[in-house]
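S.K.: Below you'll find the structure I mean.
The values are calculated or read from the model by the stated rules, or taken from the named source; none is laboratory data. The structure presented is a predicted model; accordingly, all values stated were derived computationally and were not measured. Using ideal geometry, Cβ is built from the backbone for each residue, glycine included, and neighbour counts are taken over all protein chains shown. Note: areas computed on protein heavy atoms with side chains; ligands, DNA, RNA excluded. Shrake-Rupley method; radii C 1.70, N 1.55, O 1.52, S 1.80 Å.
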Amino acid sequence: MDNFHYISPDGRARARGVGFHFDGTPGTYNSITDVEGLEFGLKTIVRGTSIRTGVTAIHPRGRNGLADPVAAGFHSQNGNGEMTGVSWIRESGTFSGPIVLTNTHSVGIAHAGVISWTVKHHPDVAKVWLLPVVGETWDGYLNDINSHPIEESDIIECLEAADTGPVLEGSVGGGTGMNCYEFKGGNGTSSRLVNYGSRQFTVGAFVQANFGTREELTIAGVPFGKIFATDNPMRASVVMPPGAGSCIGLVATDAPLLPDQCRALARRVSLGLARTGTTGSHFSGDLFLAFSTANVGAFTPGGVTFFGAANAKIDQLDFLPWGNLDPLYEAVVQAVEEAVVNALVVNQEMIGHLGHRSPGFPASRVREHLETMGSAQ
């Protein structure tokens with residue numbers, strides 16, 4: 001099994017690397033980038049004592065595939081958050097271009113940055129209107145979010161840096177200033193391989209994890225949040241109520257799907273999060289997007305149909321039978337659960353704005369508890 005299942009590219013242990021066990025078979029990198037052609041980028045911005053933020057970018061078909069729409073479905077578990085472009089996703093079942101994730105107050109600049117990048121690299125596409133997909137979670141506990149530290153150039157740099165291969169997790173990119181279960185949280189990813197007849201498909205999950213109260217945290221069915229209830233400076237903070245912050249969940253697959261089937265996958269993100277204990281706080285915007293990179297060239301872009309172009313053209317999609325989707329649902333739940341735990345494990349304590357402190361996740365102590373419980377059974 002590849003070392004990337006256990007070790008992050010920067011050498012830190014992932015959840016499997018500290019002894020946690022998960023169901024299912026991961027892809028080569030145990031990452032959303034196991035979906036062939038998908039490119040992933042990060043820009044981490046840490047300055048002085050108060051700036052702890054960044055940007056994460058995903059090109060579903062790679063940067064050169066921007067003009068080819070992907071089938072997609074959106075689900076809002078709780079709407080106390082923002083993701084732009086979802087009106088068109090609900091209408092057409094598709095979107096084109098990259099996905100960018102950042103902090104709540106940088107959605108506007110991220111939206112503008114995607115447009116600027118598109119104008120630079122895909123001017124033909126930019127001749128008409130663009131509806132970028134930009135999601136957010138709130139990092140105002142550790143980051144001086146109202147100082148607007150992210151600039152348009154940061155978005156463009158992140159988009160241009162995106163690549164295939166293993167990805168960094170934890171306090172990087174858009175996840176830099178985030179918290180999860182009142183431990184240090186941030187970015188996490190995982191993947192699963194699904195056999196289908198003679199073929200094999202990949203399901204990749206990514207979370208910008210910034211949700212949950214300490215007492216909710218559950219790993220392998222054990223309520224560790226109650227066991228490790230102490231050292232919780234966030235609970236004493238008046239900046240945000242317990243459980244606030246939000247989660248963006250992305251699911252990518254190379255399995256051929258209809259848009260409504262993508263939406264069914266997006267709904268299963270909730271079940272993966274629930275395995276880690278959350279009940280979904282009112283102040284947590286939990287927004288999920290799933291997309292399929294299959295059916296290359298199947299959706300005629302809207303701009304092609306202007307002024308009678310492509311008249312009488314019939315688009316066609318391959319898709320799996322609805323009754324055969326259960327293995328994909330299982331893969332989503334498994335990968336999302338592991339992605340959340342990776343976001344916690346590949347991390348460390350952070351001190352940020354106004355001296356606010358977010359403690360690191362006690363991975364070794366959790367593992368010792370699980371080992372003790374296993375030996376006692």
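S.K.: Averaging sequence separations of C-alpha pairs under 8 Å and six or more residues apart, then dividing by the length of the stretch 299-377, give the relative contact order as a whole percent. Numbers along the way, then the final one.
M.R.: Values: 26 pairs, mean separation 11.7, N = 79.
Relative contact order comes out at 15 percent.
S.K.: When the chain is fully extended, how far beyond the present Cα-Cα distance does Y329 get from L354, taking 0.36 nm per residue of separation? Intermediate results must be reported in sequence, preceding the final value.
M.R.: Details: separation 25, 0.36 × 25 = 9.00 nm, distance 4.22 nm.
Full extension from Y329 to L354 adds 4.8 nm.
S.K.: If one computes P(r) from the Cα atoms of the chain, what percent of pairs lie at distances over 37 Å?
M.R.: 16 percent
S.K.: Another question about this same structure. I'd like the carbon and sulfur percentage of the solvent accessible area for the stretch 123-235, probe radius 1.4 Å, heavy atoms only, ligands and nucleic acids excluded.
M.R.: On the way: 2000 of 3900 Å².
Ligands and nucleic acids excluded, carbon and sulfur give 51 percent.
S.K.: How much of the calculated P(r) for the stretch 1-146 lies past 23 Å, in percent of all Cα pairs?
M.R.: 49 percent
S.K.: To continue, here is another question. Below 8 Å, C-alpha to C-alpha, sequence gap of six or more: please give me the relative contact order for the chain in percent.
M.R.: Normalised by residue count, the contact order of the chain is 24 percent.
S.K.: Further question: For the stretch 7-77, evaluate the Debye formula with one uniform point scatterer on each Cα (no solvent term) and list log10 I(q)/I(0) at q = 0.18 Å⁻¹, rounded to two decimals.
M.R.: -1.05
S.K.: Of all alpha-carbon pairs in the stretch 165-215, indicate the percentage at a distance above 19 angstrom.
M.R.: I get 41 percent for the Cα pairs in the stretch 165-215 exceeding 19 Å.
S.K.: With each pseudo-label sitting 7 Å past Cα toward Cβ, what's the A236-H21 distance in nm, one decimal?
M.R.: Result: 3.9 nm between the two label points.
S.K.: Follow-up. Let a ≥ b ≥ c be the square roots of the eigenvalues of the Cα gyration tensor of the stretch 101-178; is it rounded (a/c under 1.5), or, if not, prolate (a/b larger than b/c) or oblate?
M.R.: Because a/c hits 1.5 or more and a/b fails to exceed b/c, the stretch 101-178 counts as oblate.
S.K.: Follow-up question, since we're still on this one. Rounded to the nearest 500 deg cm²/dmol, what is the calculated helix-only ellipticity per residue at 222 nm for the chain, with -39500 (n - 2.57) per DSSP H run of length n ≥ 4?
M.R.: That calculation yields -7000 deg cm²/dmol at 222 nm.
S.K.: On to the next question. Please provide three numbers in whole Å: the alpha-carbon extents of the stretch 135-235 along the principal axes, with the largest listed first.
M.R.: Cα extents, longest axis first: 51, 44, 19 Å.
S.K.: Give the accessible surface of the chain per residue, rounded to a whole number of Å², with probe radius 1.4 Å and ligands, DNA and RNA excluded.
M.R.: Heavy-atom SASA per residue in the chain reads 40 Å².
S.K.: If you split all Cα-Cα distances of the stretch 37-112 into 5 Å bins from zero, what percentages do you get per bin, shortest first?
M.R.: 3, 13, 20, 23, 21, 11, 5, 3, 1
S.K.: I've got another one for you. For the stretch 281-339, divide the Cα radius of gyration by the Kirkwood radius and give the resulting Rg/Rh value with two decimals.
M.R.: Numbers: Rg = 17.7 Å, Rh = 15.4 Å.
Rg divided by Rh gives 1.15.
S.K.: Picking from Q77, I7, Y29, whose Cα lies most toward the positive end of the charge dipole for the stretch 1-150 (charges on Cβ: Lys, Arg +1; Asp, Glu -1)?
M.R.: Value: I7.
S.K.: Only helices at least 30 Å long along their own axis, judged from Cα atoms, and with Kyte-Doolittle mean hydropathy of 0.0 or greater: name those in the chain from DSSP H.
M.R.: Sorted by number, there is nothing, because no helix extends far enough and scores high enough.
S.K.: For E157, put the label point 7 Å out on the Cα→Cβ axis and report which residues of the stretch 22-49 keep their amide N under 19 Å from it.
M.R.: 40-49
S.K.: Ok, one more. Just add up the charged neighbours of D139: K/R +1, D/E -1, any other residue whose Cβ is under 15 Å from the Cβ of D139.
M.R.: Summing Lys/Arg as +1 and Asp/Glu as -1 gives 0.
S.K.: For the charge dipole of the chain, defined by +1 on Lys and Arg C-beta atoms and -1 on Asp and Glu C-beta atoms about the Cα centroid, which residue among L354, S106, V203 has the Cα displaced farthest towards the positive pole?
M.R.: L354
S.K.: If you average over every viewing direction, what projected area does the convex hull of the Cα atoms of the stretch 187-243 give, in nm²?
M.R.: 5.6 nm²
S.K.: Moving to a separate point now. Count the lysine pairs in the chain that are 8 or more places apart or on different chains: how many have C-alpha atoms under 25 angstrom apart?
M.R.: Lysine pairs satisfying the spacing and distance rule in the chain number 4.
S.K.: Still on this structure, I have one more. On the protein heavy atoms, probe 1.4 angstrom, tell me the percent of accessible surface of the stretch 8-96 carried by carbon and sulfur.
M.R.: Accessible surface attributable to carbon and sulfur in the stretch 8-96 totals 44 percent.
S.K.: So how far apart, in nm, are the two label points at I227 and V296 if each is 7 Å from Cα heading toward Cβ?
M.R.: In this crude spin-label approximation the distance works out to 4.7 nm.
S.K.: Any idea what Rg and Dmax come out to for the stretch 315-358 if you just take the C-alpha atoms, in Å?
M.R.: Spelled out, the Cα radius of gyration and Dmax of the stretch 315-358 are 19.3, 56 Å.
S.K.: What percent do you get for the relative contact order of the stretch 150-288 when only Cα pairs under 8 Å and 6+ apart count?
M.R.: Dividing the mean separation by the residue count of the stretch 150-288 yields 22 percent.
S.K.: Further, regarding this structure: Let me check the size of the stretch 193-289 from its C-alpha atoms; what are the radius of gyration and Dmax in Å?
M.R.: 16.4, 56
S.K.: Now, a different point. Which order do the peptides 172-182, 100-110 come out in when sorted by mean C-beta neighbours inside 10 angstrom, highest first?
M.R.: 172-182, 100-110
S.K.: Return the FRET efficiency for the residue pair S364, R199: r is the Cβ-Cβ distance, R0 is 25 Å, and the value is rounded to the nearest 0.05.
M.R.: E(calc), rounded to 0.05, equals 0.05.
S.K.: Next question, about the same structure. Projected onto the charge dipole of the stretch 123-168 (+1 at Lys/Arg Cβ, -1 at Asp/Glu Cβ, origin at the Cα centre), which of L159, P149, V134 gives the Cα projection farthest towards the positive end?
M.R.: The listed residue farthest towards the positive side: V134.
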